[in-house]
Each structure stands twice: as structure tokens, then as C-alpha cells.
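In what follows, a structure is listed as C-alpha cells, so that the remarks can point back to it.
Please treat every number below as a calculation from the coordinates, not as lab data. Given the structure is predicted, the values throughout are model-derived calculations rather than measurements. For neighbour counting, all protein chains shown are included, and Cβ atoms are generated from backbone atoms with ideal geometry for every residue, glycine included.
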Amino acid sequence: MKLSPQTAPVEPDNLLIRFHNQVGAALDITGTRTSSRWYCHGCGYRSTLLEGVLITRQAANSHAATCRAAYHRLGA
Ligand SMILES: [Zn+2]
């Protein structure tokens, strides 16, 4: 299995939590404790709503646990 080159993208200033998907692509939660969202560097999927970090963390962790994308030329 080819690992993702997206394991350590530049950390945004408002990065709260970084997960990694099944092939090592970073999945970042950004924002504040009360208004956060997530973005997967492996497949480009992102949350559509701003939510509290506890809800965002749960959704991001679920995505990271199942995502096996390692896209190499995904524009952010
Ligand atoms: Zn993904």
C-alpha cells in the first residue's frame, strides 16, 4: 500500500487537532473550541458545518478510521 505524501502539511495557525487516516494523510481540525471544522488531506472531503470541537472531533476521527485515500495532487 502506498502511503500518502500528505502526512505533514503546513500546520494552519488555528489547528486544534491533527488525525491521520489509514494511509497517513493528515486530517486537520481547525477553528476554535466552539466553532470548528475538519478537512482531510487524503481525499479532500471536509465538514460542511461549523460545530463545537467535541462534535467535530468525533466526525473527524470516524472519517480518519475509514479513509484510505492518499491523493497526491489534491489542491487545498
Ligand atoms: Zn479522507
> From the backbone phi of segment 66-71, what are the Karplus-calculated ³J(HN,Hα) couplings (6.51 cos²θ - 1.76 cosθ + 1.60, θ = phi - 60°) in whole Hz, Gly and Pro given as x?
Replying inline: 10, 6, 10, 7, 9, 3
> What ³J(HN,Hα) values, in whole Hz, does the Karplus curve 6.51 cos²θ - 1.76 cosθ + 1.60 give for segment 33-42 when θ = phi - 60°, with x put for Gly and Pro?
Replying inline: 4, 9, 8, 9, 8, 10, 9, 9, 6, x
>> Using the crude model of +1 on Lys and Arg Cβ and -1 on Asp and Glu Cβ, and no other charge, please compute the dipole size for the chain relative to its Cα centre, in debye to 20.
In response: 200
